[in-house]
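Peer 1: What follows is a structure written as structure tokens; I'll ask about it next.
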Amino acid sequence: MSRNKEQGYKEMPGKRFSFSKRKTGVSLAALAAAVAMFVILLQMEKNILSQYEKGEIYVAAQTITKGQMITEENYQEFFRLSEMDKLLIPDTALTNPDQIQGLAATFEVEPGTLLTKGMFEGVNDIWNGMEEPVIAGFRAEDIYQVAGGTLRAGDRVHIYIVKEGETILAWERVYVQQVFDASGANIPNTDHVTAAQRVNIYLDKREVAAFYTGIEEGSVRVVRLCQS
């Protein structure tokens, strides 16, 4: 009996040590699992927050009429900054001041509209191929000569010269800078009634002499591109 007791006495410490070792291992595993879960939750939170990260974009502060030129002096009148979830911002959105100066609206833009590159064309595109862009003007004797008086700023037109019974396409895709009624008053693009009879266009300086000579020797006819 004493031997068994002695043996039992010697065996017990070994059992207690083994149990303690297993308990420590379980604790370390639980701690590692907790740390891993914490890291995973942090990453999930980061991903969720990144999905709702805000970005700045420009929207129309007021109605931007077709042909309206956007300059350094007036862009804050027509454009205002707004915030939007970055995931919803298209790649073509206008997002910084460098993108929005020297543009002209290609169609009427409603207030609050998110502004993108496709809504505007650059002055460089309007002046493409011109060495020295200038504004030239002419007056039609009758509105039928200028698309029935429907021309407005921002339109693209073809200009024909009729001379001695022959009609010649003299200039293509000319940009209309401004239009006026018979008395010389400016016609805004919001006016869809008043007939335009005086028209300002962009021309290269080297073409101005030929333009006015053609008008003097013949009769001008202007047609408007429907897609403009």
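The values are calculated or read from the model by the stated rules, or taken from the named source; none is laboratory data. These numbers were taken from a predicted model, which means no experiment stands behind them. Here the Cβ positions follow ideal geometry from the backbone for every residue, glycine too, while neighbour counts run over all protein chains shown. These area figures cover heavy atoms from the full protein model, side chains too; ligands, DNA and RNA do not enter into them. Shrake-Rupley method; radii C 1.70, N 1.55, O 1.52, S 1.80 Å.
Peer 1: State whether one or more residues within region 54-77 are within 30 Å of residue 212 (Cβ to Cβ), at pLDDT 90 or above, surrounded by 10 or more Cβ atoms within 10 Å (Cβ to Cβ) and of a type in the set (D, E, K, R).
Peer 2: no
Peer 1: So which residues in region 192-202 are touching a residue at least 12 places away in the same chain (Cβ under 8 Å), open to solvent by 30 Å² or more (accessible area, probe 1.4 Å) and in contact with a Lys or Arg (Cβ under 9 Å, 6 or more places away or on another chain), if there are any at all?
Peer 2: 197, 198, listed by residue number.
Conditions tested, residue by residue: (1) open to solvent by 60 Å² or more (accessible area, probe 1.4 Å); (2) within 18 Å of residue 65 (Cα to Cα); (3) without any contact (Cβ under 8 Å) to a residue 60 or more places away in the chain.
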site: 162; (1), (2), (3): no, no, yes
site: 165; (1), (2), (3): yes, no, yes
site: 171; (1), (2), (3): no, no, yes
site: 176; (1), (2), (3): no, yes, no
site: 184; (1), (2), (3): no, no, yes
site: 204; (1), (2), (3): no, no, no
site: 211; (1), (2), (3): no, no, no
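Peer 1: Let me ask something else about it. Identify all residues within region 89-126 that are part of a strand (DSSP E or B), of a type in the set (A, V, I, L, M, F, W, C) and open to solvent by 30 Å² or more (accessible area, probe 1.4 Å); write none if there are none.
Peer 2: Answer for region 89-126, where residues must be part of a strand (DSSP E or B), of a type in the set (A, V, I, L, M, F, W, C) and open to solvent by 30 Å² or more (accessible area, probe 1.4 Å): just 114.
Peer 1: May I ask you to say which residue of 129, 154 is modelled with pLDDT under 90 and assigned to a loop (DSSP other than H, G, I, E, B)?
Peer 2: 129
Peer 1: Provide a single number: the residues in region 127-136 that are surrounded by fewer than 18 Cβ atoms within 10 Å (Cβ to Cβ) and among the small types (Gly, Ala, Ser).
Peer 2: Number satisfying all stated conditions: 1.
Peer 1: Here are 206, 198, 221: which of them is of a type outside the set (S, T, N, Q), in contact with a helix residue (DSSP H, G or I) (Cβ under 7 Å, 6 or more places away or on another chain) and either at pLDDT below 95 or under 22 Å from residue 124 (Cβ atoms) (or both)?
Peer 2: The conditions single out 221.
Peer 1: Which of the residues spanning region 196-214 are in a strand (DSSP E or B) and of a type in the set (Asp, Glu)?
Peer 2: 204
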